[in-house]
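For reference, the structure is listed below as structure tokens.
The values are calculated or read from the model by the stated rules, or taken from the named source; none is laboratory data. Everything quoted here is computed from the prediction, not taken from an experiment. Note that we place each Cβ from the backbone using ideal geometry, even for glycine, and neighbour counts take in every protein chain shown.
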Amino acid sequence: MAQARKPQENELMEKIVSLCKRRGFIFQSSEIYGGINGFWDYGPLGARLKWNVRELWWQAMTSRDDIVPLDASIIMHPKVWQASGHVDTFSDPMVDCKLCKARFRADQLHETPCPRHPSKMASECEGEKTEPRAFNLMFKTTVGPIETEENIAYLRPETAQAIFVQFKNILETSRQKAPFGICQIGKAFRNEVTPRNFTFRSREFEQMELEFFIRPDEVVERIAGSVARLDEAADLSAPQKNWGWQLWHKYWVEERLCWYESIGLPRDSLEEYWQTPEELAHYARATVDILYKFPFGTQELEGIAARGDFDLKAHQEASGKSMEYFDEEARIRYIPHVIEPSAGVDRLVLALICNAYTEETVPNEKGQPEQRVVLRFHPRVAPIKVGVFPLLRNRPELVQKAREVRDLLRPHMTVFYDESGAIGRRYRRQDEIGTPFGVTIDFDTLGETPELKDTVTVRDRDTMAQIRVKISELPAYLLQKLR
Ligand code: GAP
């Protein structure tokens, strides 16, 4: 029987960071030049894992009739960021240490180590700190060959604003009716004062954002004659008594929690946190954070904000272009209100790796106890779905058959073909990167035991149980398991 264990918290993060580098999930950016703080590169396996995460989110959103996608530019007109409030308010309070000259977030002094005495926190060291100053988190650049104030532009700090700015174009071309959503996946940039916890707080990261446009409550109220009809007007069948934006807000919190579960994060690893009125951003009526229990603490994966009409109204005022929607049912124009589920790809990838990491003591081929590291990814997110192995590499008939099996599976799933080393070691290598299945081609496949001819061994990563499957039935068998 396998005995699973999770190492202690600090030890666990060190092991995860080391595995990510050793097996090609995540590397420090520009590592050969000493790295650059807050930037990360995804290696061959990390890139596949990240791709799967994006694809699953994309499918969950765009397979609905009421959501359409957008792929907008990263650099937009600087007036976008003035209207959205980012130029004036997107900042962190920052202090400098007069002794060591390091810069810290004022609200994180008690949790950031002092660079001179790393055993102490910055709040405990003797260095006197300056008064807090606002530090804008947007990265600046200039557009065109001349570096002047007028040519300043910003790398977007969130993907959301492009959705608001393109609201009218999308509405007119997609012929959607409220309630409906616009979703986008893309890079965002924030010049974080203290990037940390591996990829958790980075300076370049990716967001998956949905802006879901709904009728304002006063319109719903006008359309509906009774409380019972308010539920219908909000287009939800759930027999809840609250209505309008609250209903949609709760709906999206539940949808998103279910989605996280569907890709392998157990419900008990997640927490729902309702921000207090003091914590709410100036545009939000309510915000629910979905938190994950990372080894370094329970932290935000996604924020689901009820943003009212703040953004569309701000862009209407600043651009002079109407952001109104004509509601044919109610025969009135209004600026829709917005529910915004906003998730980070990188944080989710990190959560999936943390959740998957397990150390186990298992019997080896000789029955002796052996340590194995296994990433128990949900098959949907696993970067490689199946490993294909000829039992021995020096037997051409086994190698040829194994390559045939690889080619049979490759159109359906990501396959890793490996013929080097003892079969037990090959299994362990795939366990460590989270490959759910291993397929071995042996002498029985070639007909040594006549009734097993043209069958292969399929090994399950988690239970290590092995069964024989006919090659002709293998793609269907694995596809069904991978779902
Ligand atoms: N449009 C709303 C918005 O951007 P946010 O809470 O600032 O809201 C949404 O960001 C998500 O983006 C976060 O829940 C997180 O997953 C991700 N995110 C934000 N800042 C990040 C950073 N510095 N590094 C990695 N991910 C980040």
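How many residues does region 332-372 contain that are away from the ligand (no atom under 16 Å from the Cβ), surrounded by 14 or more Cβ atoms within 10 Å (Cβ to Cβ) and within 22 Å of I214 (Cα to Cα)?
Going through region 332-372 one residue at a time, the tally reaches 4.
So how many residues does region 284-296 have that are part of a strand (DSSP E or B) and within 13 Å of the ligand (Cβ to nearest atom)?
7
Please pick out the residue among E317, E329 that is of a type in the set (D, E), over 17 Å from W245 (Cα atoms), more than 14 Å from the ligand (Cβ to nearest atom) and at pLDDT 95 or above. Talk me through it step by step, then tell me what you get.
Values: E329 fails: at pLDDT 95 or above.
Every option except E317 fails the conditions.
Residue pairs, Cβ under 7 Å, 6 or more apart or interchain, first in region 322-347 and among the basic types (K, R), second within 16 Å of the ligand (Cβ to nearest atom). List them.
From region 322-347, the pairs are R347/F200; R347/L301.
Based on this model, can you work out whether F416 counts as assigned to a strand (DSSP E or B) and of a type in the set (F, W, Y)?
Yes: the conditions hold for F416.
Does L171 satisfy the condition of being in the same structural domain as G38 (by TED's automatic domain parsing) and over 20 Å from the mean Cα position of the chain (by Cα)?
Yes: the conditions hold for L171.
Determine, yes or no, whether D454 is touching a Lys or Arg at 6+ places or on another chain (Cβ under 9 Å) and surrounded by fewer than 18 Cβ atoms within 10 Å (Cβ to Cβ).
Against the criterion (touching a Lys or Arg at 6+ places or on another chain (Cβ under 9 Å) and surrounded by fewer than 18 Cβ atoms within 10 Å (Cβ to Cβ)), D454 qualifies.
For residues in region 164-208 being assigned to a strand (DSSP E or B) and small (G, A, S), which is farthest from the ligand (Cβ to nearest atom)?
G181
Inspect region 381-400 for any residue being under 24 Å from Q480 (Cα atoms), part of a helix (DSSP H, G or I) and either without any contact (Cβ under 8 Å) to a residue 40 or more places away in the chain or among the β-branched types (V, I, T) (or both) and give the result as yes or no.
Of all residues in region 381-400, those under 24 Å from Q480 (Cα atoms) come to 381-390.
From what is left, the residues that are part of a helix (DSSP H, G or I) are none.
Scanning region 381-400, I find no residue that is under 24 Å from Q480 (Cα atoms), part of a helix (DSSP H, G or I) and either without any contact (Cβ under 8 Å) to a residue 40 or more places away in the chain or among the β-branched types (V, I, T) (or both), so the answer is no.
Considering only region 134-160, state which residues are part of a loop (DSSP other than H, G, I, E, B), in contact with a strand residue (DSSP E or B) (Cβ under 6 Å, 6 or more places away or on another chain) and loosely packed, with under 15 Cβ neighbours inside 10 Å.
The one that is part of a loop (DSSP other than H, G, I, E, B), in contact with a strand residue (DSSP E or B) (Cβ under 6 Å, 6 or more places away or on another chain) and loosely packed, with under 15 Cβ neighbours inside 10 Å: V143.
Looking at D444, is it surrounded by 13 or more Cβ atoms within 10 Å (Cβ to Cβ) and closer than 26 Å to V349 by Cβ?
In short, no.
For region 390-430: of the residues being under 19 Å from G447 (Cβ atoms) and hydrophobic (A, V, I, L, M, F, W, C), which is nearest to the chain's Cα centre (by Cα)?
The selected residue is L408.
Tell me whether region 297-307 contains one or more residues that are assigned to a loop (DSSP other than H, G, I, E, B) and either touching an Asp or Glu at 6+ places or on another chain (Cβ under 9 Å) or within 16 Å of the ligand (Cβ to nearest atom) (or both).
If we filter region 297-307 for residues that are assigned to a loop (DSSP other than H, G, I, E, B), which is where we start, we get none.
There is no residue in region 297-307 that is assigned to a loop (DSSP other than H, G, I, E, B) and either touching an Asp or Glu at 6+ places or on another chain (Cβ under 9 Å) or within 16 Å of the ligand (Cβ to nearest atom) (or both).
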